[in-house]
Amino acid sequence: MRKILVAGNWKLNGSLADTEKLIGGVLAGMDQVQAADVAVCPPYPYLAQAQGLLAGSAVSLGAQDVSDQVSGAFTGEVSAPMLKEFGCRYVIVGHSERRALYCEDDEFTARKFAAAQAGGLTPILCVGETLEEREQDITESVVARQLDAVIALSGVEALENAVIAYEPVWAIGTGKTATPEQAQAVHEFIRGRVAGLNAGVAEKVQILYGGSVKPDNAVELFGKPDIDGGLIGGASLKAEDFLGICTAANQ
Ligand code: PEP
């Protein structure tokens with residue numbers, strides 16, 4: 001039985017005061033969250049503060065991105081060992097905003113995935129199609145291409161220590177959620193593709209859904225057999241909403 005994971009992607013939001021308030025609010029409600037693993041992914045500068053605030057709690061820490069390099073002349077980069085030193089367990093790789101706005105392609109994302117694992121982090125690999133790709137009916141081939149790049153570099157067994165997040169780009173930050181049936185269909189496709197290479201890994205890998213998840217749609221989404229939780233953007237910035245999504249896993 002796979003556990004539900006709810007991970008909050010704060011994106012480029014926050015301040016020292018916001019981090020303290022948001023993490024305080026989440027921790028205050030964690031006694032309501034019995035069934036889910038929970039993680040928050042603040043911006044880099046707040047990781048040390050978040051590490052301190054989360055110490056001894058059941059909430060894990062994650063980062064939003066990682067370098068494909070370990071050290072050296074790579075101005076602006078942050079490596080997996082650095083994130084590990086600040087208590088990170090997870091790191092998001094291949095978020096659609098990185099792919100679209102910062103030109104990060106499948107191969108580069110695959111290198112980041114490998115670097116994350118080499119540094120002892122659990123990558124949350126984001127995959128998903130644009131609206132145009134869905135309308136062209138190529139969702140499966142897009143998601144397969146994004147997934148296959150990682151498998152080609154790291155092997156399918158690497159997914160045993162990873163999380164996959166299916167995030168249709170048209171649903172991110174738009175308030176337009178994929179229906180539970182639409183999401184389940186793609187999750188089933190992803191798990192089936194992994195199963196074609198290694199059934200044991202497919203059974204274990206958590207596949208999260210991301211794209212305008214809110215407390216009022218989380219129960220239905222998380223109720224689908226191949227949806228193992230959510231990667232949450234906007235709703236992770238309000239403790240009440242984020243906790244509402246986390247408690248959806250209880251049902
Ligand atoms: C995300 O950025 O990963 C995301 C799912 O955002 P939102 O929940 O705001 O759609």
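The values are calculated or read from the model by the stated rules, or taken from the named source; none is laboratory data. A quick note: this is a predicted structure, and the numbers were derived from the prediction, not measured. Here Cβ is always computed from backbone atoms with ideal geometry, including for glycine, and neighbour counts include all displayed protein chains. Please note that ligands, DNA and RNA were not included when accessible areas were found on the heavy atoms of the full protein model with its side chains. Shrake-Rupley method; radii C 1.70, N 1.55, O 1.52, S 1.80 Å.
Compute the separation of the alpha-carbon centres of segment 177-240 and segment 116-165 and state it in Å as a whole number.
Their Cα centres are 13 Å away from one another.
Leaving out ligands and nucleic acids, and using a 1.4 Å probe, what accessible area per residue does segment 127-251 come to in Å²?
Each residue of segment 127-251 exposes 41 Å² on average to a 1.4 Å probe.
Among Gln184, Ser60, Thr75, whose Cα projects farthest towards the positive end of the dipole of the chain, with charges put on the beta-carbon of Lys, Arg (+1) and Asp, Glu (-1)?
Going by the charge dipole, the pick is Ser60.
Once the whole set of protein chains is in place, how much accessible area is left on Arg193, using a 1.4 Å probe, in Å² to the nearest 10?
Accessible area of Arg193: about 90 Å².
Fully extended, how many nm does the chain gain between Tyr44 and Arg89 (0.36 nm per residue separation, minus their Cα-Cα distance)?
Residue separation times 0.36 nm, minus the Cα-Cα distance, leaves 14.8 nm.
Take Asp65, Asp241 and sort them by solvent-accessible surface of the protein heavy atoms, 1.4 Å probe, largest at the top.
Largest to smallest exposure gives the sequence Asp241, Asp65.
Largest first, how would Ser236, Ser15 line up by accessible area (1.4 Å probe)? Before the final figure, lay out each step's value.
Numbers: Ser236 0, Ser15 35 Å².
I get Ser15, Ser236, largest accessible area first.
May I ask you to give the percent of accessible area on segment 4-248 that is carbon plus sulfur, with a probe radius of 1.4 Å?
Using a 1.4 Å probe with all protein chains present, segment 4-248 comes out at 53 percent carbon and sulfur.
Which of the chymotrypsin sites (Phe, Trp or Tyr not before Pro) found in segment 1-87 are in a DSSP loop and have at most 12 neighbouring Cβ atoms, other than their own, within 10 Å?
Filter output for segment 1-87: Phe74.
Heads up, I need the accessible area for Arg99: 1.4 angstrom probe, whole protein in place, Å², nearest 10.
My reading of the accessible area for Arg99 is about 40 Å².
For the residue pair Glu132 and Ala58, what label-to-label distance in nm results when each label sits 7 Å from Cα along the Cα-to-beta-carbon direction?
Going from the Glu132 label point to the Ala58 one covers 4.5 nm.
Assuming R0 = 45 Å, what is the FRET efficiency of Glu240 and Ala73, from their Cβ-Cβ distance, to the nearest 0.05?
0.50
Report, in debye and to the nearest 20, how large the dipole of the chain comes out about its Cα centre when Lys and Arg carry +1 and Asp and Glu carry -1 on their Cβ.
Details: 19 positive and 32 negative charges, 108 e Å.
For the chain, the charge dipole is close to 520 debye.
Compare Met30, Met1 by solvent-accessible area with a 1.4 Å probe and give them largest first, with all protein chains kept in place.
Met1, Met30
Run the 1.4 Å probe and let me know the accessible area of Ser212, rounded to the nearest 10 Å².
10
Across the chain, how large is the tail of the calculated P(r) beyond 26 Å, expressed as a percent of all Cα pairs? Display every interim value, and only then the final one.
Working: 10484 of 31375 pairs.
Taking all Cα-Cα pairs of the chain, the fraction more than 26 Å apart is 33 percent.
Any chance you could run the full-extension gain for Ala144 through Glu160? It's 0.36 nm times the residue separation minus the Cα-Cα distance, nm to one decimal.
4.0 nm
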